[in-house]
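**Q** So that we are looking at the same thing, I have put the structure below in structure tokens.
The values are calculated or read from the model by the stated rules, or taken from the named source; none is laboratory data. These numbers were taken from a predicted model, which means no experiment stands behind them. Quick reminder, even Gly has a Cβ in these numbers, built from the backbone with ideal geometry, and neighbours come from all protein chains shown. Surface areas here come from the heavy atoms of the whole protein model, side chains and all, with no ligands, DNA or RNA. Shrake-Rupley method; radii C 1.70, N 1.55, O 1.52, S 1.80 Å.
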Amino acid sequence: MKLAILGTVGIPGRYGGFETLAENLVRDHAASGSADELTVYCSRTAYPDAPNTYLSAKLRYSRLNANGVQSVLYDAVTLMDAVARRNDVLLLLGVSGAIVLPFIRLISRARIVTNVDGIEWQRKKWSGIASKFIRYSERLALRYSHVVIADNQGIADYLREEYEVDAEVIAYGGDNAVECADNAAVSGDLPADYAIALCRIEPENNVAMILEAFAKARRPLVFVGNWGNSAYGQELRARYKSHKELRLLDPIYDPKPLYSIRAGASAYVHGHSAGGTNPALVEMMHFGIPVYAFDCIFNRYTTEERAQYFGDAEALTRLITEEMPQQDKTFNGSAMREIARRRYTWDKISGHYFSVLRSEVKNSI
């Protein structure tokens with residue numbers, strides 16, 4: 001099998017869930033000693049050194065940005081390059097480049113497997129023409145892909161109801177977050193009994209809601225995110241920087257210090273409202289601490305309705321100010337870890353992906 005992974009910023013992962021997925025698929029491929037030829041497409045703007053390989057994968061680069069307004073062209077150009085190099089299977093992460101899929105189906109026998117991500121067109125950051133284009137891309141991806149992957153049963157239900165498409169449900173692994181447990185000391189430069197939040201600083205992640213609740217309750221919160229990347233993040237940081245209970249930290253990509261901050265937390269706050277199974281959530285579930293999650297179908301599916309849920313700042317304030325008995329904290333955290341170990345490990349997730357991809361090679365023969 002010649003497999004190309006497209007739609008990510010690149011590997012090693014430094015940005016988000018798709019990058020973590022791509023990196024762990026490569027790690028599984030390398031560990032298995034597979035003879036399959038694997039290529040991952042990357043954005044040179046994120047990897048100026050541009051190494052030719054990573055573990056067992058070949059790396060190919062585009063000078064376009066993988067995110068923002070250039071993402072459509074980035075995905076389209078790299079898809080066409082992958083076809084020209086006669087890859088058997090194209091694993092497309094996201095629907096940005098779906099506009100070229102009808103043409104690819106005309107000129108190539110390559111099998112197209114698309115992870116549609118969340119319901120991207122509903123995200124608050126998109127509106128007007130952008131939202132309509134993303135929804136159109138979603139339709140194209142569903143029509144012209146040979147296999148559609150949803151990372152959450154809630155997404156799969158939406159695709160079946162909206163498009164009568166049956167998706168393969170494959171979530172994300174999260175055990176990578178605790179791999180360095182034996183080599184990382186818990187950080188001492190943080191407040192006592194703090195909760196942690198970790199996400200991209202975007203409106204649909206309910207960042208303002210979380211900050212409002214913790215500021216009002218005067219409870220310690222360590223919030224890790226890309227505050228400087230948008231006017232939204234910059235405004236929130238300026239508004240809340242004087243609150244001594246709040247620590248607003250820049251993104252941390254080194255696994256050891258990130259592990260230290262996560263391991264020292266007494267609870268995790270998850271504000272994501274759009275998308276499906278979020279990597280940050282399944283990673284934190286492996287730490288075995290209570291989870292406060294925004295109340296939406298995706299988060300309820302991920303946590304099997306065994307977390308605690310909030311729908312607004314007032315509800316979150318009540319959750320964090322009402323003292324949870326220690327036995328309940330232990331029970332909640334243990335439930336999160338049990339679910340994570342049963343459903344969200346990379347050996348399970350990678351195995352499922354490669355099973356789907358290899359079956360598509362057989363279908364193409």
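**Q** Give me the 1.4 Å probe accessible area per residue for the stretch 1-159, excluding ligands and nucleic acids, in Å².
**A** With the other protein chains kept in place, the stretch 1-159 gives 43 Å² per residue.
**Q** How about LYS244: which aspartates and glutamates have a C-alpha closer than 18 Å to its C-alpha, ignoring those fewer than 8 places off in the same chain?
**A** ASP189, ASP193, GLU212, GLU235
**Q** Please give the solvent-accessible surface of ASP193 in Å², to the nearest 10, using a probe radius of 1.4 Å with every protein chain present.
**A** Here the residue's solvent-accessible area equals roughly 110 Å².
**Q** Kindly provide the helix-only [θ] at 222 nm of the chain, computed as the sum of -39,500 (n - 2.57) over DSSP H runs of four or more divided by all residues, to the nearest 500 deg cm²/dmol?
**A** Rounded to the nearest 500, it is -13000 deg cm²/dmol.
**Q** With all protein chains present, how much of the accessible area of the chain (probe radius 1.4 Å) comes from carbon and sulfur, to the nearest whole percent?
**A** The value for the chain is 48 percent carbon and sulfur by accessible area.
**Q** Report relative contact order for the chain in percent, whole number only (criteria: Cα-Cα under 8 Å, sequence separation at least 6). Before the final figure, lay out each step's value.
**A** Working: 701 pairs, mean separation 56.0, N = 365.
The value is 15 percent.
**Q** Also, I was wondering about something else. Along the Cα→Cβ direction, 7 angstrom out, place labels at ASP166 and ASP189. What is the inter-label distance in nm?
**A** 5.4
**Q** Could you calculate the FRET efficiency of SER334 with ARG86 from 1/(1 + (r/R0)^6), where r is the beta carbon distance between them and R0 is 41 Å, rounded to 0.05?
**A** Step by step, r from the Cβ atoms, then E = 0.25.
**Q** Provide the percentage of antiparallel DSSP beta bridges, counting only those with both residues in the chain; round to the nearest 5.
**A** Numbers: 2 of 41 bridges.
If I count the DSSP bridges inside the chain, around 5 percent turn out antiparallel.
**Q** Let me ask you something else. What are the residues whose amide H is under 5 Å from the amide H of GLY174, where those residues sit 5 or more places off or on another chain and H is modelled from the backbone?
**A** THR345, TRP346
**Q** Something else now. For the stretch 245-365, what does the relative contact order come out to in percent, with C-alpha contacts under 8 Å and a separation of six or more?
**A** About 24 percent, as a whole number.
**Q** Mean separation of Cα pairs under 8 Å and 6+ residues apart, divided by the residue count of the stretch 58-110: what relative contact order is that in percent?
**A** 35
**Q** Using 0.36 nm per residue of separation minus the Cα-Cα distance, give me the extension gain between GLU37 and CYS180 in nm, one decimal.
**A** So the extension gain works out to 48.6 nm.
**Q** Choose one answer from CYS180, CYS296, CYS42: the residue with the largest mean-square fluctuation in a GNM of the chain with alpha-carbon springs under 10 Å.
**A** For the chain, modelled as a Gaussian network with Cα springs under 10 Å, the answer is CYS180.
**Q** Assuming R0 = 45 Å, what is the FRET efficiency of HIS146 and TYR253, from their Cβ-Cβ distance, to the nearest 0.05?
**A** The value I calculate is 0.85.
**Q** Test of the criteria: in the stretch 161-270, which trypsin sites (Lys or Arg not before Pro) are in a DSSP loop and have at most 15 other Cβ atoms within 10 angstrom of their Cβ?
**A** Those that pass, being in a loop and sparsely packed, are ARG218, LYS241, LYS244.
**Q** Hey, another quick one. Taking the DSSP beta bridges in the stretch 37-154 as the whole, what percent of them are antiparallel, to the nearest 5?
**A** That works out to approximately 15 percent antiparallel.
**Q** At a Cα cut-off below 27 Å, give the lysines reachable from LYS2, other chains included and same-chain residues fewer than 8 away excluded.
**A** Here the lysines satisfying the reach criterion relative to LYS2 are LYS58, LYS348, LYS362.
**Q** Note the full-extension length gain between ALA130 and ARG218 as 0.36 nm times their separation in residues minus their Cα-Cα distance, in nm to one decimal.
**A** Result: 27.8 nm gained on full extension.
**Q** Which ³J(HN,Hα) values, rounded to whole Hz and listed in residue order, are derived for the stretch 134-146 from phi using the Karplus coefficients 6.51, -1.76 and 1.60 in 6.51 cos²θ - 1.76 cosθ + 1.60 with θ = phi - 60°, glycine and proline given as x?
**A** Coupling constants for the stretch 134-146: 5, 5, 4, 4, 4, 4, 4, 4, 5, 7, 9, 7, 6 Hz.
**Q** Using a Gaussian network for the chain with springs between C-alpha atoms less than 10 Å apart, which of these wobbles most: ARG300, ARG44, ARG342?
**A** ARG342
**Q** If I model a spin label at LYS362 and GLN326 as a point 7 Å from the Cα along the Cα→Cβ vector, what separation in nanometres do I get?
**A** The two pseudo-label positions are separated by 5.4 nm.
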